[in-house]
Ligand SMILES: NC(=O)c1ccc[n+]([C@@H]2O[C@H](COP(=O)([O-])OP(=O)(O)OC[C@H]3O[C@@H](n4cnc5c(N)ncnc54)[C@H](OP(=O)(O)O)[C@@H]3O)[C@@H](O)[C@H]2O)c1
């Protein structure tokens, strides 16, 4: 099969597309014909050996795929029929014509949802949902009042998902992103917009929220945006740190949390899909977390059925176009997801 291959730790642009043997089917797994694989910023860190988790070399990068079922391992109970359209989260291996995935991480794509945009379902949507629902415990206020949520990178993969999820739970959204992409979060119902070219935004948020501040900040950026974001929280508000696309890993004087009655929480979706090597059972805990992950995917698909989520692909490239695909992400042009089409 054709695949993007990583032979040694290197820059993403130095990867190669080659013919390699298809991966063997293993117990508990499904073989997919990959229709599209997500291209994300973090893949650059993985192939450079700078991610918290290092696949064994050589490997095929890519952790998000949509495609159709080719076959299931003999031990799989209730196997999905060949041809079933699915999305899947992988340890690695998505940027290839075929991929082998644990059945617990394969979810059928409902009729009516086009296959390619569903590539936002394995990681982008559940990351935003887990951050806002599990960590920030976002919900309507006691009198039905609508809490404010500030979303960073609001036109990109995780941020745009965050805009839709915050709206789905009845919040009001302040979307912060580049001016050229302003209409993207606004098209998903964002109530206010802030230009990400303007580094100070605490006063603007205070004005928009009538002084009350935000109940939650979805922080994909880190750096200065983290410091400013903390100062946008209202009483009891929580900033969820999920990435550092904008710069440095922030440091925090925790007295600010005490003085302002606010919180900071972290969300690593990878933990819930088996990417953390040291679970309590000595393994990676993927089986233990699978019911919770699958329940979240079911909630997301229910919201899609209700018209509350609108996953979208920004651009698609053939496998050989992997450099151009990553350049779209790196260049901050992507609205929604960028994919490779093996
Ligand atoms: N914790 C988790 O479980 C988890 C899961 C998935 C992703 N992540 C992380 O979350 C972050 C966002 O993911 P994503 O898929 O939404 O990423 P993305 O598509 O690459 O978007 C990142 C956005 O950040 C903004 N940005 C600001 N400064 C930037 C800079 N110096 N370089 C690049 N972008 C910059 C850009 O928005 P504007 O141009 O509009 O300002 C860009 O669109 C990434 O760091 C990713 O690794 C974490």
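The values are calculated or read from the model by the stated rules, or taken from the named source; none is laboratory data. Just so it is clear, the structure is predicted and the values come from calculations on it, not from any experiment. Counting neighbours? That spans all protein chains shown, and the Cβs are built from the backbone with ideal geometry, glycine included.
Among the strands (runs of 3 or more DSSP E) confined wholly to the range 175-285, which include 1 or more residues that are over 21 Å from residue 331 (Cα atoms) and more than 16 Å from the ligand (Cβ to nearest atom)?
The qualifying strands (runs of 3 or more DSSP E) are 214-219, 233-241, 263-266.
Only one of 141, 207 is surrounded by fewer than 22 Cβ atoms within 10 Å (Cβ to Cβ) and modelled with pLDDT under 95; which?
It is 141.
Kindly indicate the residue of the range 157-174 that is in contact with a strand residue (DSSP E or B) (Cβ under 8 Å, 6 or more places away or on another chain) and under 18 Å from residue 329 (Cβ atoms) and also surrounded by the most Cβ atoms within 10 Å (Cβ to Cβ) among those meeting that condition.
If we take residues in the range 157-174 being in contact with a strand residue (DSSP E or B) (Cβ under 8 Å, 6 or more places away or on another chain) and under 18 Å from residue 329 (Cβ atoms), then 162 is surrounded by the most Cβ atoms within 10 Å (Cβ to Cβ).
Here are some residues: 140, 61, 55. Which one is within 16 Å of the ligand (Cβ to nearest atom) and either touching a residue at least 12 places away in the same chain (Cβ under 8 Å) or in contact with a helix residue (DSSP H, G or I) (Cβ under 6 Å, 6 or more places away or on another chain) (or both)?
Going through 140, 61, 55 in turn, the sole match is 61.
Among the residues of the range 1-50, write down those that are assigned to a helix (DSSP H, G or I), in contact (Cβ under 8 Å) with a residue 40 or more places away in the chain and over 19 Å from the mean Cα position of the chain (by Cα).
Passing the criteria: 12, 13.
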